[in-house]
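What follows is a short report on a single structure.
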Amino acid sequence: MTIRFDNRVAIVTGAGNGLGRAHALLLASRGAKVVVNDPGGAVDGKGGGQAAADKVVDEIKAAGGQAVANYDSVADAASAANIVKTAVDSFGTVDIVVDNAGVLRDKTFHNMTTEDFDFVVKVHFLGTAYVTHAAWPILRAKAYGRVVVTSSNSGIYGNFGQANYAGAKLAVVGFMNALRLEGQKYNVLVNALAPVAGTRMTESLMTPEILEKLKPEYVSPMVAYLCSEQCQRSGEIWSAGAGNFARIEYREAEGVRIAGRAPTPEDVAENIDRIADVSASRVFRTSGEEVAAVVGT
Ligand SMILES: NC(=O)c1ccc[n+]([C@@H]2O[C@H](COP(=O)([O-])OP(=O)(O)OC[C@H]3O[C@@H](n4cnc5c(N)ncnc54)[C@H](O)[C@@H]3O)[C@@H](O)[C@H]2O)c1
């Protein structure tokens, strides 16, 4: 089996650097026509320019691929819509959306300004929603779409100094969970990536030996699979880094049921270890499944 994207149009946001660049290069090398979106700028989102996106487009073209640059920010609904318009104007449609754009404004919550919070949520969560929202009617109408949102172990497991980022990165998982249900009838599949890679975002935290193992190119095969016709999975979280690929899932303890009377706070206190014990646990695929289990039907 060979995974190819001939006649497919892909948007990769934040594709001027790091992971997005690697995703764009891989998709283009397998035949996709790629919109390389990136407004440039530093890791904290300050500044900007066309060079980052242009360079990746040049790389793709030099390798014989097809790509067009777009410099709009994902963090504004109108400019996000223009990213999708670029795909339609240049290549006629869109089939694949990789929501990858990201920034960091790390600080302890105590020192974090509300602006740092708003900005990070805007790029990661609203940016993901805006670009996907603009592409959604096209994907739905053609009954084909592959969307990959980018989450993070920071949100899934927690990381000191990243309350803004961690919150935004788990928000995209909630977003994906809803879109899985809304997209399935239209063959629009939505998955979340939790990457680990050495990029300008993370390289200051890593030794050269670790960076060598954490090439962004080692993450992109997961994205390419999730964007392919071969992929039939949707609504799941995928860890990828250093050649390690693994599905992440959350589970719910069997718990304790207080029946036949109104439960009290003391019931909770007395049973808290059993309530917390996930050694026997359940996995739910929709909120309705969880509600049914809670109600006991
Ligand atoms: N590197 C990791 O280990 C890691 C871990 C977990 C999640 N991530 C996520 O992966 C994604 C890519 O990160 P990276 O490590 O390659 O970092 P990076 O800084 O190399 O790439 C992020 C890109 O997003 C672009 N960008 C920033 N604001 C934008 C905006 N408003 N609109 C469009 N593009 C914008 C930047 O210009 C940059 O090119 C991010 O969403 C990041 O949060 C990375």
All but one of (1) within 25 Å of ASN187 (Cα to Cα); (2) crowded, with 23+ Cβ neighbours inside 10 Å hold for ASP89; state the number of the condition that does not hold. (2)
Of the residues GLU209, GLU203, GLU182, which single one is under 23 Å from GLU236 (Cβ atoms) and of a type in the set (Asp, Glu)? GLU182
Determine, yes or no, whether GLY127 is out of contact with any Asp or Glu (no Cβ under 6 Å at 6 or more places or on another chain) and on the phi > 0 side of the Ramachandran plot. no
For HIS133, work out the one condition from (1) within 11 Å of the ligand (Cβ to nearest atom); (2) free of Cβ contacts under 8 Å to residues at least 60 places away in the same chain it doesn't fulfil. (1)
The correct count of residues that are more than 10 Å from the ligand (Cβ to nearest atom) and not β-branched (Val, Ile, Thr) in segment 50-75 is 14
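Considering each residue of segment 190-215, count those that are over 15 Å from the mean Cα position of the chain (by Cα), under 22 Å from THR128 (Cβ atoms) and surrounded by 13 or more Cβ atoms within 10 Å (Cβ to Cβ), and give that number.
Within segment 190-215, the subset over 15 Å from the mean Cα position of the chain (by Cα) is 198-215.
Adding the requirement that they be under 22 Å from THR128 (Cβ atoms) leaves 199-202.
Remaining after also requiring surrounded by 13 or more Cβ atoms within 10 Å (Cβ to Cβ): 199, 201-202.
Here the count works out to 3.
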Residues that are closer than 25 Å to MET176 by Cβ and out of contact with any Ser or Thr (no Cβ under 9 Å at 6 or more places or on another chain): does segment 54-76 have at least one? yes
Here the residues within segment 159-175 that are in contact (Cβ under 8 Å) with a residue 60 or more places away in the chain and either within 12 Å of the chain's Cα centre (by Cα) or more than 12 Å from the ligand (Cβ to nearest atom) (or both) are VAL172, VAL173
What tally of residues in segment 1-38 results from selecting those that are near the ligand (Cβ under 6 Å from one of its atoms), small (Gly, Ala, Ser) and not in a loop (DSSP other than H, G, I, E, B)? 2
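Residues to consider are GLY92, GLY47, GLY41; find the one that is over 27 Å from TYR218 (Cβ atoms) and within 13 Å of the ligand (Cβ to nearest atom). Don't jump to the end; show me each part of the working.
Working: GLY92 fails: within 13 Å of the ligand (Cβ to nearest atom); GLY41 fails: over 27 Å from TYR218 (Cβ atoms).
Answer to the check: GLY47.
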For the condition of a type outside the set (Val, Ile, Thr) and surrounded by 22 or more Cβ atoms within 10 Å (Cβ to Cβ), what is the one hit in GLY20, GLY45, GLY40? GLY20
Given the condition in contact with a strand residue (DSSP E or B) (Cβ under 7 Å, 6 or more places away or on another chain) and touching a residue at least 24 places away in the same chain (Cβ under 8 Å), answer yes or no: does some residue in segment 39-48 qualify? no
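Read the figures in this text as sums done on the coordinates, not as results from a lab. In this text the structure is predicted, and so the values were computed from the model without any measurement. We place every Cβ from the backbone using ideal geometry, glycine too, and count neighbours over all the protein chains shown.
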